[in-house]
Amino acid sequence: NDKDTATLFEAILKNADVEEGRPVRSVGREGLEYYNNLGYVPYDVGVNENVARTLEYAYADFTIAEMAKKIGKDSVANEYYKRSMNYKKLFDKETKWMRGKNEDGTFQTPFNPLKWGDAFTEGNSLHYTWSVFHDIKGLMSLMGGEQNFVEKLDEVFEMPPKFDNSYYGFTIHEIREMQIVNMGNYAHGNQPIQHMIYLYNYAGKPFKTQEKIRDVLTKLYTPTPDGYCGDEDNGQTSAWYVFSSLGFYPVTPGVNQYVIGAPLFEEAEITLQNGKIFTIKGQGNSNENKYIQSATLNSKSFDTNWISYSTIQEGGELVFEMGDVPN
């Protein structure tokens, strides 16, 4: 109800604006005063995982703005949309990766994008650079456009699974899992990168998304005692599989949009809470036929690489014609 919404929103804003009084450091936003004054959590002030925190606070600010807009608080929405652009402050134009920044505005040196931990949370810059769920076109622009963006995505998959574990002093299991899955520096066993494959869609290369999704679905999940490629962590790794096998994924939680991947099955049905049924078909689907050739929604041509939540809730049938060549 409206009263609960107002109370919840008050708490959300307090979490984003008030640092003192938190019972433990793990609750709320560590380094909040730095973030609110500078637009980022500095590398050199004793707050670890500072780049990861900054990127996640910026996305959280976007979701606050979305909620503010929905409940008619336009001035609050505008302020938090502005804050959500803080991610740009940690983008290093020289290396084209996210990089720790000191309190005085200089970037951390030395900088190794393969260094796990330190400015990041159980990952490295190659993983966290893509944590701009709410402004992927903006990130693409920082990288120099669609082609550069695709090349940067490719780089993660094409480089060997090298790493720097000096922050931990030993090789943590997330690093070992990245090596074992053998997809370059793509670390599917650690959640921060799990949306990354879908980003090819934003740069006009959906076939690359389709190809890599099938690889992950069929190689990194198996019905065996060691069938997970890493941590489950609150159901996220399973949720990725369920969404991706159906053929779409919420790249930006908090907005009414799922990004199209490619279905794993010939047919799947979702029985919705409202009693309606949404059916997804992958006609001709097979190990080789993993690329979408065309699609229809309720027998009408469907040519966008996303589908809205409201469309799914209406029920109906989404049919993908599958083939063995990229389209």
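Within the stretch 130-144, residues that are in contact (Cβ under 8 Å) with a residue 40 or more places away in the chain and assigned to a loop (DSSP other than H, G, I, E, B) reach partners that are open to solvent by 30 Å² or more (accessible area, probe 1.4 Å) and among the charged types (D, E, K, R) with beta carbons closer than 8 Å, at six or more positions or on different chains, in the pairs Ser131/Glu56; Gly144/Lys96.
Taking the criterion of being aliphatic (A, V, I, L, M) and within 22 Å of Leu55 (Cβ to Cβ), would at least one residue in the stretch 206-214 satisfy it? No, every residue in the stretch 206-214 fails to be aliphatic (A, V, I, L, M) and within 22 Å of Leu55 (Cβ to Cβ). Hey, any hits in the stretch 302-314 for a residue that's touching a residue at least 24 places away in the same chain (Cβ under 8 Å), in contact with a Ser or Thr (Cβ under 7 Å, 6 or more places away or on another chain) and open to solvent by 30 Å² or more (accessible area, probe 1.4 Å)? Scanning the stretch 302-314, I find no residue that is touching a residue at least 24 places away in the same chain (Cβ under 8 Å), in contact with a Ser or Thr (Cβ under 7 Å, 6 or more places away or on another chain) and open to solvent by 30 Å² or more (accessible area, probe 1.4 Å), so the answer is no. If you go through the stretch 139-149 and keep only what is open to solvent by less than 40 Å² (accessible area, probe 1.4 Å) and farther than 15 Å from Val251 by Cα, you end up with Met140, Met143, Gly145, Phe149.
Looking only at the stretch 248-305, count every residue that is in a strand (DSSP E or B) and charged (D, E, K, R) and tell me the total. The number of residues fulfilling the criteria is 4. Of the set (1) β-branched (Val, Ile, Thr); (2) in a loop (DSSP other than H, G, I, E, B); (3) more than 30 Å from Ala68 (Cα to Cα), all apply to Val242 but (2).
Among the charged types (D, E, K, R), open to solvent by 60 Å² or more (accessible area, probe 1.4 Å) and either modelled with pLDDT under 95 or farther than 29 Å from Leu220 by Cβ (or both): is that true of Glu317 in this structure? It is true that Glu317 is among the charged types (D, E, K, R), open to solvent by 60 Å² or more (accessible area, probe 1.4 Å) and either modelled with pLDDT under 95 or farther than 29 Å from Leu220 by Cβ (or both).
Could you count how many residues in the stretch 240-275 are without any contact (Cβ under 8 Å) to a residue 12 or more places away in the chain and crowded, with 16+ Cβ neighbours inside 10 Å?
Here the count works out to 1.
Quick one: count up the residues across the stretch 283-297 that are surrounded by 13 or more Cβ atoms within 10 Å (Cβ to Cβ), over 25 Å from the mean Cα position of the chain (by Cα) and not hydrophobic (A, V, I, L, M, F, W, C). Residues meeting the conditions: 7. The requirement of being touching a Gly at 6+ places or on another chain (Cβ under 9 Å), of a type in the set (A, V, I, L, M, F, W, C) and under 30 Å from Lys152 (Cβ atoms) is fulfilled somewhere in the stretch 61-75, by at least one residue. Find the residue count for the stretch 184-219, including only residues that are touching a His at 6+ places or on another chain (Cβ under 7 Å), in a helix (DSSP H, G or I), in contact (Cβ under 8 Å) with a residue 40 or more places away in the chain and open to solvent by less than 10 Å² (accessible area, probe 1.4 Å). Matching residues across the stretch 184-219 total 1.
The values are calculated or read from the model by the stated rules, or taken from the named source; none is laboratory data. Since the model is a prediction, treat every value here as computed from it, not as a measurement. FYI the Cβ positions are ideal-geometry reconstructions off the backbone, even for glycines, and counts take in every protein chain you see. SASA here: full protein model, heavy atoms, side chains in, ligands and nucleic acids out. Shrake-Rupley method; radii C 1.70, N 1.55, O 1.52, S 1.80 Å.
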